[in-house]
Amino acid sequence: MVLAYGVWMWTWWLPSLYFRMHDAYLKEDIEGRSFQQYLTYHFNYWMTSGGIAAMFKLLGIGILTLLTIGAFIYAILMQDSPVRGLWLCTVWASAASVDPAVTAMEGGVGMLLTFGGLVLLAVLLTTISDFFAAQQRKSNEGRDPIVEGGHLVLLGLSSQTKQFIEELAICEANSAPKTIAILDTMPKSEIEEELKRQNTNTGDLKIVCRGGLPSSAEDLWKVGADVCSRIVILDEPSLPRDEADAITFGTLLTLRGQGKTGWPNNGHISVQCCLGKNVGFMNELYPGKTYVLSGERLGRLMVQSAQDQGLCPIFNAIIGFDGDEFYAAKAVDIGLVGKTFQEVPFWCEKTVPIGIRDGSGAYVINPEKTYKVKMDDEIIVLAEDDDAIQRMSSPLMDFQAWHRKYGAATFVEADPNDNEQVQVLICNFTERGYGCAILFALDEMVAAGSVCDIFCSLSEEEARAILKNAEDEQDRKLKNIQVRSIYTTAQHQMTSQHKLNIMPLQDYTFHFILADSALGFQKADEQTVAMILQMKMLLKDRAPELEFNPLVEICTTNAHAQLELLGIQNTINTISMMSRALALVAIDTLAHGVLSDLLSATGNNMDIMPLADYLGTQPLPSQISFAEVTAMVNRAAHQVVIGWSERDHHGNKVWVVNPKEKLQPRIWTDEDRIVVIKDV
């Protein structure tokens, strides 16, 4: 058995392993790296990741090779059975003794094998010792290049890295990379330790770390930036916004200047931009390969979520890989060419169409209802997976017949909450927080005469300097909303009741409780929860009838659970949301086109609406299906309905995006709401 295994290893297993590695090398099309480098890199990775198990495997292969060769040499020279030769070789190699009674030929073979065994053992021990010593040095310094292809390169280690990696780990797309190469200014060993400290769940992903400068061509080559399929550039949260963007500009310039067409040779770059005004510059700096998302756009989402309770969980449902995602299907493949966008939803049984990507690659979210789908158009849909996109032989319902039966209706918003004069409180205002982004978003969405109070641990001079700097960076002034008062206190007194008691909490239209992530995620959440507890106690005494529904920024799921116990549902984890958005764009640039529209000041907004606003003179039905809701919205407004509210078994309101049974009727009441995408 042992002899057969040795023969099989050398005649089949090792050659087939060699050719499989060679085929993999050719398929990955790794330009500028030889096959020898490819083999060395993967052997080193196997030895490093395998540890003691890899060492014993290598020792086992060496011993099996020695015994197999010795057995056949004995069989040839002694004209005897190779099985007996295997036994004698095993004895000689292990015991290092030769019986004087044996013939000279047997003794010679025995001594040869004994000597070979000693030499092999010495060589293996020395090689393994030297190898691990060299690997330890390389591991600490990150000097050896990565020889991969089609992988993802992550530039920069930040507070978002954990969430970004964990989001990619649950992605089931066929095009998703299985290897992530991380390049950061920290040494390789420190990057690995930081990932361990954060308890990052990598799933089946292979994580390879290297230390170096993201703006250095040599270091970028070391992580395979030329042959990767995707590059993701994360924000550096420890730096001022303009300085962090300046570093990103340098990295983009370096990538653009490499090779004939810039790096990556066949891939794209997802970039996190700090300042909204720099988004256009970054796209122009490296056009065609760069897809930029700005964290400032989350400020607009936070304002929308404060106006419409429930938008945060809805965005969470569509940003990420654990729910419905954005897909694009060729209109010709699903039989929608020539149909108007008003008809399209009724030909999508398991999906919700939200827009068009035309032949030039331009995105149109929520197109005009009269728009006729063209031959080279793609339909953008929300779907559970790509298998849900199916060609239908007949529509879910005859919209034109329904329209003739119920007549026309026009959308009339009974309770618009845009362009109102408001009073706002922003707590935990910091230079790198979302306070300025919220103020700029409010300035676009509220009426003149609105005011904002700020509660922070900065001095008033520092806070106003941050505001002035933000206005200069944005090249705009706040017009509709002004900062009225800045309440300052020491950091350790931010949760003190007597400090919070100074503010007119009962007078504010919106309360934004932000996270001071500079404290660390856990400490920031502890401060946030304590602050809300104190506010609830103060409001209970001042205005017991007032419903306190702040928009709360959190850092961990534990804080979300604690706030739910306090009756606070409107929470947003901006770090997680930005990481999930970048992961979506890294996998498919379709998400960039959709999210850029939904989060921009001039694009479409998501909104929560009562169904009655779309009915005209038609009475509110007591039962209705999602297909009928779609018909009512399509008839009355330039909007796309994507979901609705339901009740769980406890009677709590939950939000469902893309209901799968679109013809199934359900009970409808005045308290139920629909979720729409509407033109600003």
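Here are the numbers for the structure shown:
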{"read-out": "Residues that are more than 21 Å from Phe429 (Cβ to Cβ), buried (at least 23 other Cβ atoms within 10 Å of the Cβ) and of a type in the set (Gly, Ala, Ser), drawn from segment 251-309", "value": "Ser270"}
{"read-out": "Of all residues making up segment 231-287, the number that are of a type in the set (Gly, Ala, Ser), assigned to a helix (DSSP H, G or I) and closer than 22 Å to Thr589 by Cα", "value": "2"}
{"read-out": "Every residue from segment 338-366 that is not aliphatic (A, V, I, L, M) and not in a loop (DSSP other than H, G, I, E, B)", "value": "Thr340, Pro345, Phe346, Trp347, Pro353, Gly355, Arg357, Tyr363"}
{"read-out": "Cross-chain or 6+ apart pairs with Cβ under 9 Å, segment 39-66 first and closer than 23 Å to Arg210 by Cα and touching a residue at least 24 places away in the same chain (Cβ under 8 Å), then part of a helix (DSSP H, G or I) and of a type in the set (Lys, Arg)", "value": "Asn44/Lys138; Thr48/Lys138"}
{"read-out": "Residue among Ile554, Ile532, Ile572, Ile568 that alone is over 27 Å from the mean Cα position of the chain (by Cα), β-branched (Val, Ile, Thr) and in the same structural domain as Met503 (by TED's automatic domain parsing)", "value": "Ile532"}
{"read-out": "Test for Val412: is it loosely packed, with under 15 Cβ neighbours inside 10 Å and not assigned by TED's automatic domain parsing to the domain that holds Leu275", "value": "yes"}
{"read-out": "Any hit, segment 619-633, residues being loosely packed, with under 15 Cβ neighbours inside 10 Å, under 26 Å from Phe326 (Cα atoms) and of a type outside the set (Ser, Thr, Tyr)", "value": "no"}
{"read-out": "Conditions (1) under 28 Å from Ser450 (Cβ atoms); (2) touching a helix residue (DSSP H, G or I) at 6+ places or on another chain (Cβ under 6 Å); (3) modelled with pLDDT under 85: number failed by Arg297", "value": "(2)"}
{"read-out": "Segment 384-433, subset aromatic (Phe, Trp, Tyr) and farther than 30 Å from Val483 by Cα, residue farthest from the chain's Cα centre (by Cα)", "value": "Tyr406"}
{"read-out": "Segment 458-473 - residue that is buried (at least 17 other Cβ atoms within 10 Å of the Cβ) and under 17 Å from Cys274 (Cβ atoms) and, of those, modelled with the lowest pLDDT", "value": "Glu473"}
{"read-out": "Val656 vs. criteria among the β-branched types (Val, Ile, Thr), buried (at least 20 other Cβ atoms within 10 Å of the Cβ) and under 25 Å from the mean Cα position of the chain (by Cα)", "value": "no"}
{"read-out": "Selection count, segment 502-547, where residues are over 22 Å from Gly299 (Cβ atoms) and part of a loop (DSSP other than H, G, I, E, B)", "value": "8"}
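The values are calculated or read from the model by the stated rules, or taken from the named source; none is laboratory data. For clarity, every value in this text was computed on a predicted model and none was experimentally measured. Quick reminder, even Gly has a Cβ in these numbers, built from the backbone with ideal geometry, and neighbours come from all protein chains shown.
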